[in-house]
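Participant: Let me begin by handing over the structure; questions about it come next.
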Amino acid sequence: MKDADKKRILREMIFYRRFEDRTFEAYMERKIGGFLHLYTGQEAVATGVLEMAVTGQGQKNDYVVTGYRDHVHAIKTGAPAREVMAELYGKETGSSKGRGGSMHIFDASQNFMGGYALVGQPFPLAAGFALGAKHKGSDQIAICFLGDGANNQGTFHETMNMAKVWNLPVLFVCENNQYAIGTRIERSTAVLDQYKRVCAYDMEASQHDGMDVDVVMEASKKAIDFVRSGKGPYFIEFMTYRYRGHSMSDAKGYRTKEEEAEWEKRDPIKIYSERLIKEGIISQDDIKAWEKEIDDEIENDIIKFAEESPEPKVEDLTKYVLDDNPDPRWIGPLQK
Amino acid sequence: MAETAYWEAIRRAHDEEMANDKMVICMGEDIGIAGGTYKATSGLYEKYGEERVIDTPISENSYTGIGIGASMVGMRPIIEIMSINFALLALDTLINAAAKIRYMSGGQLQCPIVMRTPGGTAHQLAAQHSARLARMFMSTSGLRVVTPRGPLDAYGMLKSAIRSNDPVIIIEHEQMYNLKEDIPEEEFFRPLEGAEVVREGSDITLIGYNYSVHLCLEAAKRLEADGISAEVLDLRALKPLDRESIRKTVEKTNRVVIAEEDEAPVGVGAEIMAIILEDCFYALDSQPVRIHAADVPVPYNAKLEKAAIPNADDVYQGALKALGKI
């Protein structure tokens, strides 16, 4: 990998961290409502997997779908960060025109197929995108990011089975942060290594460190190549950790400070920046300069855009329920 | 015109739309090699192959979800669910996903799926195969719900549903699959919106949908023998409802019976009754009457089942009540 790409990847991860931190502030200021689930700590997973996928190329992109912790996945797939922030602000200029909010970021122009709040619901949707891609003869694949908690839903088992039976081009990415909201994995799940669960469906699977973006990229490349070559679905598990609570209302009373400190020693941004400094690709000063640039961009472009954008019009309340321009031949009215 | 059974009409619509558009696929339990529980997809597997006529495992929620996902990337899936009771397993993907994705994406994505399922009582199938549930779907924003009463609508509405850009739930009925009707041999479409007066009358209106239209028609014949002219309105679409046609017929006849095969609480009849009160209360000459199932899980025993489910005589008696004759 070129030095320029390594630098970009590190800068992206720093951007995601600071973007999420800024949404935290905006939430405390009550600029953002509803539920807000932050990705802080897990940055290497979405960054590393999607770095190896086709992203940022509009309709040529692979199809990407995830749960409600979706801001970073959307941006890395190609959704403009200012539109994601405007969505959190509930504005008409937001990714979903203010109708979705934090948990439902969509950017169909980049094949970012959404964030979903029903745990496990993206499994079958992703298999459906893969079925569509296969049917159309496209070499696009579907990539489904979900947490370990989602694997206890029926949709997990049902979809793994069908994805395998129908040999669908779909990559399931399990971000194992060991907590389903506040319930630790040992207390909810019989098999702790999630990748082992899909052996019941004879699916290719592997488990990797999700805190080291180099490891994520290397493992993801193999998995994506496997899926894209037509060999069928693949399940990849990354061990990771979310630093903040499940959502903003979570006081994290279910885990210890010691455990949190252990994981933070292996912070993905720390690991990668130390490596690039050691390789002489960047300096601590470069990072400081980036942080300043990123903060300026977030404040003067992204937040400004979100703050200044208009809200949706109340008279548009009932738009988008059904097709707003239906063909009368199919819809009616009935000729009497 | 060709005499066509309800199941044949559905099969023909599948066949024509699959021939017309490669993006149309169908999926469901036993629809391929087995040809479908009610034969509605028979012969399609042989003609279009396993990639387009997909036999699914018994995983209603996820195969429906896969159909929804495929529809979001340009496919036109027709999803068969063997019984509406089993559709309860797919409510998450239907109601939380298909019905909401257009809205919560700000209109960027759509889910043009068709879900076909028989929803009604047949003969002694007991509680877990006799649900009707139309009321559950008609209360959901973002869905279209239609109830073809015969082969004409079964064919024409399925074709329209496949081409519509919205998720459409088509509720069929076990007791109608062999119902025959002459329908045109040339291609035609029937719209997904609009109630229809299927029998003109002036003294009273009998409102039905799905199989209960036939109960209304039978009751109307008996009323005719009594010298009473009954109008029958087939709602055809439960979502969105055609309020205008309801108002017109009530203003014309001033008396109304609403016949539904489902239980009454928070049901189709309750909604129609509310519409009548809101839109044409002063046109009424008597209290509207609801004919509906007993509020019990459907029993197996034939005698009990008969007592639980309304029939044409119940509708007839309801009409006499609305007319002040009993």
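Participant: If a/c stays under 1.5 just call it rounded; otherwise compare a/b with b/c (prolate if a/b is bigger, oblate if not). Do that for the protein assembly as shown, with a ≥ b ≥ c from the square roots of the Cα gyration tensor eigenvalues.
Facilitator: Judged from the Cα gyration tensor, the protein assembly as shown comes out prolate (a/c at least 1.5, a/b above b/c).
Participant: Which of A:LEU322, A:LEU125, A:LEU146 moves most in a GNM of chain A, Cα contacts under 10 Å?
Facilitator: A:LEU322
Participant: Follow-up question, since we're still on this one. Output the antiparallel fraction of DSSP beta bridges having both residues in chain B, as a percent to the nearest 5.
Facilitator: Close to 20 percent.
Participant: Under 10 Å, Cα contacts only: if you run a Gaussian network model on chain B, which one of B:LEU304, B:LEU284, B:LEU215 comes out with the highest mean-square fluctuation?
Facilitator: Of the options given, B:LEU304 has the highest mean-square fluctuation.
Participant: Taking amide H positions as placed in the peptide plane 1.01 Å from N, state which residues far from B:ARG290 in sequence (5 or more) or on other chains have amide H under 5 Å from it.
Facilitator: B:ILE258
Participant: In 10 Å bins starting at 0, how do the alpha-carbon pair distances of the stretch B:133-214 split up by percent?
Facilitator: 16, 47, 32, 6
Participant: Karplus couplings for the stretch B:101-111 from phi (6.51 cos²θ - 1.76 cosθ + 1.60, θ = phi - 60°), rounded to Hz, Gly and Pro as x?
Facilitator: Calculated HN-Hα couplings, in order: 5, 4, 5, 6, 9, x, x, 6, 10, 9, 10 Hz.
Participant: Binned at 20 Å from 0, what are the whole-percent values of the Cα-Cα distance distribution for chain A, short to long?
Facilitator: Percent of Cα pairs in each bin: 30, 58, 11, 1.
Participant: Considering amide H positions built from the backbone, and no H for Pro or chain starts, which residues 5 or more places from A:GLU204, or on another chain, come under 5 Å of its amide H?
Facilitator: Amide H neighbours of A:GLU204, under 5 Å, 5+ apart: A:PHE235.
Participant: Next question. Work out from phi, with θ = phi - 60° and the Karplus expression 6.51 cos²θ - 1.76 cosθ + 1.60, the ³J(HN,Hα) of each residue of the stretch A:189-199, listed in order in whole Hz, and give x for Gly and Pro.
Facilitator: Once rounded to whole Hz, the list reads 9, 6, 10, 6, 6, 5, 5, 6, 5, 7, 5.
Participant: Please list 3J(HN,Hα) in residue order for the stretch A:261-270, calculated via the Karplus relation 6.51 cos²θ - 1.76 cosθ + 1.60 where θ = phi - 60°; whole Hz, with x for glycine and proline.
Facilitator: Result, ordered by residue: 5, 4, 5, 5, 4, 9, 4, x, 6, 5 Hz.
Participant: Of all DSSP beta bridges located in the protein assembly as shown, what percent are antiparallel, nearest 5?
Facilitator: The answer is about 20 percent antiparallel.
Participant: Something else: Please build a GNM for chain A, connecting alpha carbons under 10 Å apart, and tell me which residue among A:MET113, A:MET160, A:MET248 fluctuates the most.
Facilitator: A:MET248
Participant: Scan the stretch A:273-325 for GluC sites (Glu not before Pro) in coil per DSSP, keeping those whose Cβ has at most 14 other Cβ atoms within 10 Å, and list them by number.
Facilitator: Those that pass, being in a loop and sparsely packed, are A:GLU279.
Participant: If you don't mind, there's one more thing I want to ask. Express in Å², to the nearest 10, the accessible area of B:ASP92 obtained by rolling a 1.4 Å probe over the protein heavy atoms while all chains stay in place.
Facilitator: Ignoring ligands and nucleic acids, B:ASP92 comes out at about 40 Å².
Participant: Once the Cα atoms of the stretch B:21-160 are picked out, what are the Rg and Dmax in Å?
Facilitator: Expressed in Å, the Cα Rg and Dmax of the stretch B:21-160 come to 14.8, 46.
Participant: Another one. At R0 = 30 Å, how high is the FRET efficiency between A:GLN57 and A:GLU311 if r is their beta carbon distance? Nearest 0.05 is fine.
Facilitator: For A:GLN57 and A:GLU311, the calculated efficiency is 0.40.
Participant: Past the 30 Å Cα-Cα mark, which pairs from A:LYS222/A:LYS265; A:LYS222/A:LYS270; A:LYS164/B:LYS39; A:LYS76/A:LYS304; A:LYS2/A:LYS164?
Facilitator: A:LYS2/A:LYS164
Participant: Sticking with this one: Which of the residue pairs B:LYS159/B:LYS221; A:LYS319/B:LYS22; A:LYS31/A:LYS292 have a Cα-Cα distance greater than 26 Å in the structure shown?
Facilitator: Flagged as over cut-off: B:LYS159/B:LYS221; A:LYS319/B:LYS22.
The values are calculated or read from the model by the stated rules, or taken from the named source; none is laboratory data. What you see is a predicted model, and the numbers here were worked out from it, not measured in a lab. Methodologically, a virtual Cβ is constructed for each residue, glycine included, from the backbone with ideal geometry; neighbour enumeration extends over all protein chains shown. Please note that ligands, DNA and RNA were not included when accessible areas were found on the heavy atoms of the full protein model with its side chains. Shrake-Rupley method; radii C 1.70, N 1.55, O 1.52, S 1.80 Å.
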